[in-house]
Structures are given as C-alpha cells and as structure tokens.
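First the structure, in the form of structure tokens, and then the observations on it.
The values are calculated or read from the model by the stated rules, or taken from the named source; none is laboratory data. Everything numeric here is computed off the predicted structure, so don't read it as measured data. Here the Cβ positions follow ideal geometry from the backbone for every residue, glycine too, while neighbour counts run over all protein chains shown. For the accessible areas, the whole protein counts, side chains as well, though only heavy atoms, and no ligand, DNA or RNA atoms are used. Shrake-Rupley method; radii C 1.70, N 1.55, O 1.52, S 1.80 Å.
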Amino acid sequence: MTVPFYGHVKQYHSIKSEIDTNMQEVLESGQYVMGPMLKRFEKEFAAFHGMQHAVGVGNGTDALWLTFMALGIGPGDECITHPNTFFATAEAIWIAGATAVFVDSDPKTNCIDPSKIEAAVTPKTKALVPVHLYGQCADMIAIRKIADKHKLLVIEDNAQGIGASGEGFKIGELSDAVCTSFIIQKNLGTFGDGGAVVTNNEQVDRHVRRLRNHGSEKRSCHSFGFNSRLDDLHAGILSAKLKHIHDWSDLRRKWAARYSKGLAKAHNITLPFETPGYRHVYHLYVIETKQAKHRDALLQFLNDEGVDAKCHYPIAIHQQEGYPWGKGARIVGPISNSERNAACCISLPMFPELTEEEVDYTVDRVLEWDRSAK
Ligand SMILES: Cc1ncc(COP(=O)(O)O)c(C=O)c1O
C-alpha cells in the first residue's frame, strides 16, 4: 500500500462541478485580473473571518511583507518571531528591510513561546509576528498583552491555520492584520500561488490594495508599489473551496484523532499537543522522535514502506547555510525547543480526503518501527 502526502486531485474531483462553474464564469467574463470574481472572493473571505477587509495578493510571503510595509515597518525596525517556522516568515521581514529577532518556541505547541518575547523587546522593536504553526493558534491572548504593554504591532502569519481558533479568541481579533497563503497544499489551497491580508484596519486595507497594484487606486495614477495580485481564476477556485473549509477541517481533526489514538502507546515518539479549548485544524500532523538520532531512520522506514511522510521544518531558519545573508538578525536566549523541533519532526500524511485504511496503515508502520527502535 502507498499513502500519499497530498490529496489535491482527489479534492478537485470531490467538488469538480463547483470549481469548474466558477472557472467558466471567470473565463467567460473576460476579466481575469482585479475582476468581479476577486471582489466576490475578498468579500467572502473577510466575512469568513468576521472581519471587514480582505485583500487578495500574489502569495503568502507577499501578504506578509506588503502588510509590514503598509504598517510602516522597515529598516531600523525589529520584528520578533521564532526560527522553527517556514522560511518565508523571516524572509518577509527581511524583504521589508527590517531585522528578524528569533526567540524560542513553546516546547508543547511549537508556536512562539510568549514567555520568551519580552527579553527580546528593545526600543527598535516594532512588531510581533506569531505563526499559527501546523494549524494551531499561537497564544494570542498572552501575545496581545505584551504588545499592549510595549506598544507593538501584531501581524499573524496564518498561512497554516485557516479556520482555527483559540480559547476565547478568533484569528484576527487580537492583531493588526492576518496574512495567509493559498499555495496548493494549504488547508485552503488553489492550483498555484495566492495569498491574502485580512484586517479591520482601513489604512492597512487601502495601503496593501495600492501596493499590490503598482501603487495605483485609479487608472494611470501611480505611487510606489509592486505587482502582486490574486488572479480571478484562483479567486474562483478559492471561492468554491471556502464553502467546504469547515467540513474539511473537521475531517483533518478526525484523522488527527485517529492517528493520536492509534499511536498513543508508542514509546519513541511524541504526539502533537492540542491546547485545551483551541480548535487545531491540522494543516500538518507532526510527531517528534524522542531522540534526534531516530528521526531520519523513522522517516526512511516510512518512505520505504510506501508512506510519504515529510519534515516541517528540518532546518531551522538560523541553521540554514549562509544565515543571515547579510540581513539584520538576532537570536535572543537559548532556542533549544526550536532546534529540537527541527531535529525531531516528522509530518505524517494529512489531508481531508485520507481514508481509514491509509491512516491505519500509517499508524501500523509507525508502531512497527517503534517496536524495533534502539
Ligand atoms: C508559515 C508560513 N508562512 C508563510 C508562507 C508563505 O506562503 P507562500 O508560499 O504562499 O508565499 C508559508 C507557506 O508557504 C508558511 O507555511
């Protein structure tokens, strides 16, 4: 048996007529960039978050740095995040010209550890950039408190957590803006690249709209800007998929629960931690080997047995070759949890269209390895 890591084509087939209808509508409209389908999706996406504005952009990385720019973050400013996230979180800080400051992650959730943030705050600190890693919200209540105390901006990197929530808060409620990615494999993914900024801040909305479109609000009138727009075909695909995201998240949660139940007695791995009261939407189901030396062996075993497991993310940002490439970067305090996460993580197949047989086969293979691990 083989178990794939992704189910993109299965997902397309499951709602093919809805996606095809929207794509046809765009194709027949003759309006492919900044057309009516983009406007419609932006409205739907803002409403999904219970927020006022959503701006479609070219990808999740652009969503981040366009937001930083819109909020006036640039050279001389510092943004605090953690190093065991996808590279783009820090990359966007550098593109904006600011300094990335890394603090450790929480040993259980692997999201930023709020108790490590204040030691990193300096007069140059402008923003906190929590990531809802693997699909579980960072502790936004603690993060908001720190931001209020030090008068900092908060930008949520929500590339992985669409539809997630925390105990007593929704995504977007406690920040200045939420940035998301629609790349293929995301919980809400298109057939290519895409991203969005969601905000209640009118200035951010207006500024990002201008920046994404050559600094233009009106034909032939420009200010400084870029070209980073979400195409209408992608907006149509996303509009069709958005209607199913809640059910798909439920399915991800169901497979996660089946994995966790099946693997509960394994001795050599740690299972993902769900913070009580939070809705984890399992963009990724990430286990960790208790010993770093076991990680590659387990990964190889699973791959040899037909299970397409992967790692997110095996090389922490500060451990990448050539770091920091002449860019502004600071590490504050030990970051041993982030380093452990990078050294020990394995992502098991996770997508809504998995089957019981695929999940159970994967569980059995992990248990088989676990019994023989030395
Ligand atoms: C946490 C995180 N931030 C940012 C990004 C960047 O998104 P994109 O690939 O659409 O630029 C991604 C995904 O790729 C991500 O997982």
Original post:
Are any residues in segment 207-228 in a helix (DSSP H, G or I), open to solvent by 50 Å² or more (accessible area, probe 1.4 Å) and touching a residue at least 24 places away in the same chain (Cβ under 8 Å), and if so, which ones?
Top reply: H207, R209
**OP:** Kindly indicate the residue of segment 58-90 that is part of a loop (DSSP other than H, G, I, E, B) and open to solvent by 20 Å² or more (accessible area, probe 1.4 Å) and also farthest from A147 (Cα to Cα) among those meeting that condition.
**Re:** N59
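Return the residue satisfying two criteria in turn: it lies in segment 292-333 and is β-branched (V, I, T) and not in a helix (DSSP H, G or I), and of such residues it is least open to solvent (accessible area, probe 1.4 Å). Explain how you work it out, then say what you get.
Residues of segment 292-333 that are β-branched (V, I, T), as a first pass: 307, 315, 317, 331-332.
Now narrow it down to the ones that are not in a helix (DSSP H, G or I): 307, 315, 331-332.
On the way: V307: 1, I315: 83, I331: 75, V332: 29 Å².
The extreme case among them is V307.
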**OP:** Could you check, for segment 45-57, whether at least one of its residues is in contact with an Asp or Glu (Cβ under 6 Å, 6 or more places away or on another chain) and open to solvent by 10 Å² or more (accessible area, probe 1.4 Å)?
**Re:** yes
Original post:
Out of the residues in segment 100-119 that are of a type in the set (G, A, S) and surrounded by 20 or more Cβ atoms within 10 Å (Cβ to Cβ), which is nearest to D250 (Cα to Cα)?
Top reply: S105
Original post:
Which of the residues belonging to segment 337-374 are farther than 24 Å from N110 by Cβ, of a type in the set (D, E) and open to solvent by 30 Å² or more (accessible area, probe 1.4 Å)?
Top reply: E353, E356, E357, D360, D364, E368
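Considering each residue of segment 135-155, count those that are touching a strand residue (DSSP E or B) at 6+ places or on another chain (Cβ under 8 Å) and either buried (at least 24 other Cβ atoms within 10 Å of the Cβ) or among the hydrophobic types (A, V, I, L, M, F, W, C) (or both), and give that number. Walk me through it before giving the result.
The first filter runs over segment 135-155 and keeps only residues touching a strand residue (DSSP E or B) at 6+ places or on another chain (Cβ under 8 Å), leaving 137-141, 143-144, 146-147, 150, 152-155.
Narrowing further to those that are either buried (at least 24 other Cβ atoms within 10 Å of the Cβ) or among the hydrophobic types (A, V, I, L, M, F, W, C) (or both): 137-138, 140-141, 143, 146-147, 152-155.
Counting residues in segment 135-155 that are touching a strand residue (DSSP E or B) at 6+ places or on another chain (Cβ under 8 Å) and either buried (at least 24 other Cβ atoms within 10 Å of the Cβ) or among the hydrophobic types (A, V, I, L, M, F, W, C) (or both) gives 11.
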**OP:** Could you grab the pairs with beta carbons closer than 9 Å, sequence gap of 6+ or different chains, first residue in segment 185-199 and without any contact (Cβ under 8 Å) to a residue 24 or more places away in the chain, second one β-branched (V, I, T)?
**Re:** none
